[in-house]
Amino acid sequence: MSWTVNNMYISKLILYINAMKELSVTEAREQLPAVLNQAKKKPVWITRHGVDVAVVISPELFESLVEAQEELEDIAAVDEAMLDKSPKIPWAQVKKDLKLD
């Protein structure tokens, strides 16, 4: 995986984590509408007896994090494929086998 890409995503996550607000389950339950509004701006960390149990985030942030994870998985797959030393099938042969020509 590319160090630059990995570092970019990690830096983004650190910014979000540092900006998080922390509430107990009881506080979150009592303030649910406010929690949902806060989650639009930054993640809200929920704890039970001091143990992390959930994080409330906006749908946009969730999609962004899913896309970032998928991108990192794709990069890792390409890196792994590049290390594969087994014989390759030429593109022309693949097109012929699939009747794409």
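The values are calculated or read from the model by the stated rules, or taken from the named source; none is laboratory data. Everything numeric here is computed off the predicted structure, so don't read it as measured data. All Cβ positions, even for glycine, are placed from backbone atoms using ideal geometry, and neighbour counts span all protein chains on display.
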query: Can you pull out the residues in region 36-64 that are aliphatic (A, V, I, L, M) and over 15 Å from Glu22 (Cβ atoms)?
result: Leu36, Leu61
- request: Check whether at least one residue in region 87-97 is over 20 Å from Leu23 (Cα atoms), at pLDDT 90 or above and under 25 Å from the mean Cα position of the chain (by Cα), and report yes or no.
  value: no
task: Could you tell me which residue of region 62-91 is farthest from Leu36 (Cα to Cα), considering only residues that are surrounded by 10 or more Cβ atoms within 10 Å (Cβ to Cβ) and aliphatic (A, V, I, L, M)?
output: Val78
query: Does Ala77 meet the test of being under 15 Å from Lys21 (Cα atoms) and without any contact (Cβ under 8 Å) to a residue 60 or more places away in the chain?
result: no
